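The block underneath contains the structure these notes are about, expressed in structure tokens.
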Amino acid sequence: MKLDKKKTYQPRKVRKRMLYDAPLHKKQKMMVAPLAPEAREKYGIRRFGIRTGDKVIVRKGKYRETVGKVIEVDLRRLVVYVDSVTRKRSDGRTVNVPIKPWNLAILELDLSDEKRKAILERKKGANLPVEIEEKTETENVTEPISEEIGDLA
């Protein structure tokens, strides 16, 4: 059943609307990558936003298992450029190859920014188990009021 008569639900049009034509504040949330297993143990989180200066490894494609540092993050195109992932053009120039962030894994985070450290600590704290205090039945029991009723009569 169609929820909104004015909106299409064709996969190609949904992909266009949600991925390619999305506003930049939503694209920023899409620019995340999973952490490599050794980085997960070190930082205590599963995924994190990619920024310039992070050390990453390519997980898929022609440049698989190439390790390098992120030199540029392009929000408009939803791609990341890594310094060691390059190719030669026909005119002899060397250019960086764009890679989607979900094809990368973060090996080491660049924590030179104080705000980024705070984000990491907040995300770490969200993963900790919360202890629930159990209330005993004696805490909720009230004093008997039968004596007060006798005084009123």
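Take the conditions touching a helix residue (DSSP H, G or I) at 6+ places or on another chain (Cβ under 7 Å), more than 19 Å from Arg40 (Cα to Cα) and not in a strand (DSSP E or B) and apply them to Gly92. Does it pass? In short, no. Of the residues in region 69-91, not one is hydroxyl-bearing (Ser, Thr, Tyr), out of contact with any Ser or Thr (no Cβ under 6 Å at 6 or more places or on another chain), over 30 Å from Ala126 (Cα atoms) and modelled with pLDDT under 95. Taking each residue of region 106-130 that is more than 23 Å from Val80 (Cα to Cα) and in contact (Cβ under 8 Å) with a residue 12 or more places away in the chain and looking for partners that are aromatic (Phe, Trp, Tyr) and assigned to a helix (DSSP H, G or I) with beta-carbon atoms closer than 8 Å, six or more apart or interchain, yields Lys124/Tyr43. Checking every residue in region 120-133 against the condition of being surrounded by 15 or more Cβ atoms within 10 Å (Cβ to Cβ) and either modelled with pLDDT of 95 or more or aliphatic (A, V, I, L, M) (or both) gives at least one match.
The values are calculated or read from the model by the stated rules, or taken from the named source; none is laboratory data. These numbers come from a predicted model, not from an experiment. Neighbour counts run over all protein chains shown; Cβ positions are idealised from the backbone, glycine included.
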